[in-house]
1. Test Asn68 against the stated conditions and say whether it is part of a helix (DSSP H, G or I) and either over 25 Å from Asp297 (Cβ atoms) or in the same structural domain as Glu457 (by TED's automatic domain parsing) (or both).
2. Could you tell me whether any residue of the stretch 274-293 is among the acidic types (Asp, Glu), free of Cβ contacts under 8 Å to residues at least 40 places away in the same chain and not in a strand (DSSP E or B)?
3. If Ser35 meets every condition in (1) hydroxyl-bearing (Ser, Thr, Tyr); (2) in contact with a helix residue (DSSP H, G or I) (Cβ under 9 Å, 6 or more places away or on another chain); (3) farther than 24 Å from Ala458 by Cβ apart from one, which number is that one?
4. Out of all the residues in the stretch 203-225, which are assigned to a helix (DSSP H, G or I), out of contact with any Pro (no Cβ under 9 Å at 6 or more places or on another chain) and either polar (S, T, N, Q) or buried (at least 18 other Cβ atoms within 10 Å of the Cβ) (or both)?
5. Return the residue satisfying two criteria in turn: it lies in the stretch 294-339 and is part of a loop (DSSP other than H, G, I, E, B), hydroxyl-bearing (Ser, Thr, Tyr) and under 19 Å from Leu261 (Cβ atoms), and of such residues it is nearest to the chain's Cα centre (by Cα).
6. Give the residue, chosen from Thr239, Thr294, that is under 19 Å from Gly185 (Cα atoms) and crowded, with 24+ Cβ neighbours inside 10 Å.
7. Consider the stretch 55-109. How many of its residues are over 12 Å from Pro330 (Cα atoms), of a type in the set (S, T, N, Q) and out of contact with any helix residue (DSSP H, G or I) (no Cβ under 6 Å at 6 or more places or on another chain)?
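The values are calculated or read from the model by the stated rules, or taken from the named source; none is laboratory data. All figures in this text were calculated on a predicted structure; none of them were measured in a lab. Don't worry about glycine lacking a Cβ; one is built from the backbone with ideal geometry, like all the others, and counts go over all protein chains shown.
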Amino acid sequence: MGKPTGFLEYNRELPSYKPIKERVTNYEEFTEPYSKIKVEKQASRCMDCGIPFCHKGCPLGNNIPDFNDMVYKENWKAAFKILISTNNFPEFTGRICPAPCEASCVLSINKKPTAIELIEKNIIERAFSEGWVKPAIPEFRTDKKIAVVGSGPAGLAAAAQLNSAGHKVTLFERADRIGGLLRYGIPDFKLDKSVIDRRIAVMEAEGVEFKTNTNVGVDISAKDLEEKYDAVLLTGGSTIPRDLPIKGREAKGVYPAMEFLGQNNKRVAGDKIASNDEIHAKGKNVLVIGGGDTGSDCVGTSIRHSAKSVTQIELLPKPPEENNPTTPWPMYPAVLRTSTSQLEGCERAWSVNTKEFIKDEKGDLKAVKLVDIKWEGRSFEEVSGTEREIPCELALLAVGFMHPQHEGLINDLGVELNERGNVKDKDYKTSKENIFTAGDMRRGQSLVVHAISEGREAAREIDVYLTGTTVLESKNHSLINILD
């Protein structure tokens, strides 16, 4: 497997980024090109592990040592075949996945892990540039019709898989463009939307039908959906944001993070935003409430708006910088992470609670009242004497999501919900005979890589339901001959 001494000869090395002063003036991806030779050296660091824990760490079950080995041996086309046998969209995960596989890398026990995400991205980008990514049109078609509702990563993965099995797949999206979270949740500087469009073109050529501006439950009834299709897959995501119902919440200037991010992605795409609806950070003191990836995206976007200041706060304590004993290898470590957006100019604080949004006489947000807290187990108490007000004209709530939207399609279909308000299922099958669910709508908000895995696994269950068997790959069984 690979070069037996590679991990001893080479250190982990990642691409550099464009200078901060340059990249914050636009919304373009800013990772600098990385040479083929350097990628092959990084792939050679993959050890000949007795048990490759990276398989378990990856929600897709990617055959990571195998494609690393092929890259090291300069057989990039074989590496591409291995990669796409388990991952429909490595161009997405290679850009925005937190790489739990790297946390599980055996090398990471006492050294920096293999640069798996970097290798994955370079494999798929080379595959596109070399023309290896071609529409895989099914050799035969069944008489089964399937509706997929929601065009995020789960819906796209399921549609691609079901189409490859020969079924007729129609994917419905209520927005004006395909992509869901990928399109309207991830900033362009992390995922350029041409990357999505490139993949959609391939899927269309393969036979998947996309219908945008179609709100299922409104433009087409739940009853019509059930009657016209042999199976329906719900992949609408977890779209109801968690709120912060404190004094002053109604102030103009307090918004859920996704409203801010989604609107900016539309702006970057060239859409006109009505002035009375515009959410913009230019010249404002911005407070981002929530320390996760969504909050980080709000930071980077606000900086590109030329905000006066950007502050990001987190309710939880500051994690250790490394070696958190509560999350030992091969678990994904709960350690301090600093994103590229946070490096661009952001003040961060932990163990801070938001007490009040303060309005001016017009009802516009002008300040936020904060207080430091001290955690004791799972509860906290305020630290006396730390209450203060900070100037703030734009507050963005990046505090997660509750559950999918119930009003409309879910209620009309009458599928059961679980205690968290997500669609209840057993092996992706809901309480209704031919209705399935996958992604955040089923499991709650999660990672893009989990959504892709969910879509693939749900597709297998639908294929079995419709035909009694399946030809689709799973996390445990790859059916492709990589060296053809």
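1. So Asn68 passes the test.
2. Within the stretch 274-293, the first condition is being among the acidic types (Asp, Glu), and the residues that meet it are 277-278, 293.
Checking the rest, the ones that are also free of Cβ contacts under 8 Å to residues at least 40 places away in the same chain come to 277-278.
Pick out the ones that are also not in a strand (DSSP E or B) and you get 277-278.
Among the residues of the stretch 274-293, at least one is among the acidic types (Asp, Glu), free of Cβ contacts under 8 Å to residues at least 40 places away in the same chain and not in a strand (DSSP E or B), which makes the answer yes.
3. (2)
4. Correct list: Ala222, Leu225.
5. By that ranking, first place goes to Ser339.
6. Thr294
7. Residues of the stretch 55-109 that are over 12 Å from Pro330 (Cα atoms), as a first pass: 59-99.
Imposing the further condition that a residue be of a type in the set (S, T, N, Q) reduces the set to 62-63, 68, 75, 85-88, 93.
Subsequent filtering for residues that are out of contact with any helix residue (DSSP H, G or I) (no Cβ under 6 Å at 6 or more places or on another chain) retains 62, 75, 85-87.
Qualifying residue count for the region: 5.
Rundown of residues vs (1) modelled with pLDDT of 95 or more; (2) over 21 Å from Asp293 (Cβ atoms); (3) under 26 Å from the mean Cα position of the chain (by Cα), yes/no style:
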| position | (1), (2), (3) |
| --- | --- |
| Lys41 | yes, yes, no |
| Lys73 | yes, yes, no |
| Ala78 | yes, yes, no |
| Thr86 | yes, yes, yes |
| Phe92 | yes, no, yes |
| Ile96 | yes, no, yes |
| Cys101 | yes, no, yes |
